[in-house]
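Engineer: Here it is: the structure, laid out below.
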Amino acid sequence: MTTLIDDRRVRARDASPARYFYLHMSLACAATAFLGFAPTYWIPLAQRTFSTSPVIHFHGLLFFTWSLYFVLQTWLAASGRVVNHRSLGIAGVSLATAMTIFGFLASVHVMQHSTALGQKEAGIGFSIVPMSGIAFFAVVFVLAIVNTRRPEIHKRLMLLAAVSILDAAIARWFLTFLAPPGPPGPPPVPVTIAPAVVASLLLVVAMVRDWRTEGRVHPVYIYGTLTLLAVKVLNWPISETAAWHAFAGGILALAQ
């Protein structure tokens with residue numbers, strides 16, 4: 001019995017660096033989310049110069065809460081508080097569900113705002129970006145929940161889900177500091193590809209860590225990253241199709 005207990009302690013000690021890696025990655029995701037939205041949301045909000053729909057405010061609150069929740073959950077796992085980690089899982093399900101709903105509502109708001117600016121078709125085309133993004137997040141999150149008893153898959157899927165929604169934060173820096181001034185309204189869909197590639201660099205870091213510690217890259221990272229980038233790239237041609245404009249335009253018509 002003593003030998004068995006000691007063996008478990010050794011395994012727990014050896015597993016700690018891996019768990020702390022995910023804590024560090026969650027902190028990187030939270031920092032990216034906060035700093036990304038600082039120039040266009042947090043700072044103007046603090047200066048009381050930012051005004052928008054309550055839907056957008058609640059959308060932002062939910063998504064940033066997710067970043068903090070992800071940090072908390074990885075910290076609980078890293079510190080060995082697995083029971084607490086699992087107990088908070090139901091809160092994550094509720095939070096992710098609310099994020100999915102308000103992510104969709106925020107997409108509709110973008111179309112409504114674009115229509116008010118006289119850019120209805122541009123807004124309908126751009127709506128594929130937030131809609132496909134929240135759909136990808138929701139699917140990956142569900143897969144992570146299904147694999148809670150397979151921690152090596154679960155934690156990688158959770159990181160994939162967290163990274164998948166960072167492109168919006170990174171895009172704010174692209175638009176603020178790199179893009180030339182333009183008319184108000186949604187940006188062209190192609191400009192969203194570069195921020196997604198930058199966000200995916202966090203997954204590359206995770207792949208390198210896998211390669212150095214496991215001798216191979218876990219399939220979740222390989223297929224997950226390829227799928228994520230494929231979605232971001234395919235948004236461009238799909239957003240210009242009549243089928244997408246009929247679909248998203250129909251949603252806009254129902255919302256008006």
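The values are calculated or read from the model by the stated rules, or taken from the named source; none is laboratory data. Everything numeric here is computed off the predicted structure, so don't read it as measured data. We place every Cβ from the backbone using ideal geometry, glycine too, and count neighbours over all the protein chains shown. Heavy atoms of the whole protein, side chains included, go into the accessibility calculation; ligands, DNA and RNA do not. Shrake-Rupley method; radii C 1.70, N 1.55, O 1.52, S 1.80 Å.
Engineer: Just give me the residues in region 215-247 being of a type in the set (Ser, Thr, Tyr), closer than 21 Å to residue 154 by Cβ and surrounded by 12 or more Cβ atoms within 10 Å (Cβ to Cβ), in sequence order. Break it down stepwise before answering.
Structural biologist: Step one: list which residues in region 215-247 are of a type in the set (Ser, Thr, Tyr), which gives 221, 223, 225, 227, 239, 241.
Of the ones still in play, those that are also closer than 21 Å to residue 154 by Cβ are 221, 223, 225, 227.
Selection gives 221, 225, 227.
Engineer: State all residues of region 195-214 that are over 26 Å from residue 120 (Cβ atoms) and either open to solvent by less than 50 Å² (accessible area, probe 1.4 Å) or touching a residue at least 40 places away in the same chain (Cβ under 8 Å) (or both); if no residue qualifies, say none.
Structural biologist: Of everything in region 195-214, those that are over 26 Å from residue 120 (Cβ atoms) and either open to solvent by less than 50 Å² (accessible area, probe 1.4 Å) or touching a residue at least 40 places away in the same chain (Cβ under 8 Å) (or both) turn out to be 199, 200, 202, 203, 205, 206, 207, 209, 210, 213.
One line per residue, one yes/no per condition, for (1) polar (S, T, N, Q); (2) touching a Gly at 6+ places or on another chain (Cβ under 8 Å); (3) farther than 26 Å from residue 142 by Cα; (4) modelled with pLDDT of 95 or more:
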position: 213; (1), (2), (3), (4): yes, no, yes, no
position: 222; (1), (2), (3), (4): no, no, no, yes
position: 227; (1), (2), (3), (4): yes, no, no, yes
position: 238; (1), (2), (3), (4): no, no, no, yes
position: 243; (1), (2), (3), (4): no, no, yes, yes
position: 254; (1), (2), (3), (4): no, no, yes, no
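Engineer: What are the pairs, 6+ residues apart or on separate chains, where a residue within region 108-122 that is in contact (Cβ under 8 Å) with a residue 40 or more places away in the chain has its Cβ under 6 Å from a residue that is in a loop (DSSP other than H, G, I, E, B) and open to solvent by 70 Å² or more (accessible area, probe 1.4 Å)?
Structural biologist: Close Cβ pairs satisfying both conditions: 117/184.
Engineer: Oh, and also: Looking at 96, 162, 135 in this structure, which one is in contact with a Cys (Cβ under 6 Å, 6 or more places away or on another chain), aliphatic (A, V, I, L, M), over 20 Å from residue 53 (Cα atoms) and part of a helix (DSSP H, G or I)? Full working, then the answer.
Structural biologist: Details: 96 fails: in contact with a Cys (Cβ under 6 Å, 6 or more places away or on another chain); 135 fails: in contact with a Cys (Cβ under 6 Å, 6 or more places away or on another chain).
Checking each option against the conditions leaves just 162.
Engineer: Looking only at region 58-87, filter to residues that are outside any helix (DSSP H, G or I) and open to solvent by less than 60 Å² (accessible area, probe 1.4 Å); which one of those is nearest to residue 170 (Cα to Cα)?
Structural biologist: Initial filter on region 58-87 (outside any helix (DSSP H, G or I)): 79-81.
Checking which are open to solvent by less than 60 Å² (accessible area, probe 1.4 Å) leaves us with 79-80.
Numbers: 79: 30, 80: 32 Å.
So the residue we want is 79.
Engineer: When you go through 212, 149 one by one, which is the residue that is outside any helix (DSSP H, G or I) and of a type in the set (Lys, Arg)? It would help to see each step written out before you state the result.
Structural biologist: On the way: 212 fails: outside any helix (DSSP H, G or I).
Going through 212, 149 in turn, the sole match is 149.
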